[in-house]
Amino acid sequence: MAFFDQVLTNFGTLIEVLKDQRREFLRMFEALYTKALIDHCTTSKNHPKANGLAEQIVQIIKHDLQKYVI
């Protein structure tokens, strides 16, 4: 949770999260949603639009993180 505390401190709280039905990080993220009062919605499995949005966000985050990694 320290990572999420750092993210929330630096970037603020999210208003809403759109997630798929995969369960890999469910427990960790459920705690975050509760702690940060974030609404979350679930898409159907393998929803193409959600998958495309997720991939775009991953690429943006990778690009931004490369600025900070030596």
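Quick notes on this structure:
- Contacts under 6 angstrom Cβ, first residue in the range 1-13 being within 17 Å of L26 (Cα to Cα), partner in a helix (DSSP H, G or I), 6 or more apart: F4/L32
- When residues of the range 55-70 are limited to those that are of a type in the set (A, V, I, L, M, F, W, C) and more than 12 Å from the chain's Cα centre (by Cα), the one modelled with the lowest pLDDT: I70
- Inter-residue pairs, beta-carbon under 6 Å, first modelled with pLDDT under 75 and in the range 21-39, second surrounded by fewer than 11 Cβ atoms within 10 Å (Cβ to Cβ), 6+ apart: Q21/K45
- Taking the range 10-39 as the range and being farther than 18 Å from V58 by Cα and surrounded by 14 or more Cβ atoms within 10 Å (Cβ to Cβ) as the test, the residues that pass are L32, Y33, A36, I38.
The values are calculated or read from the model by the stated rules, or taken from the named source; none is laboratory data. Since the structure is predicted, the reported quantities are computational estimates derived from the model, not experimental observations. Here the Cβ is made from the backbone with ideal geometry for all residues, glycine too, and neighbour counts use every protein chain on show.
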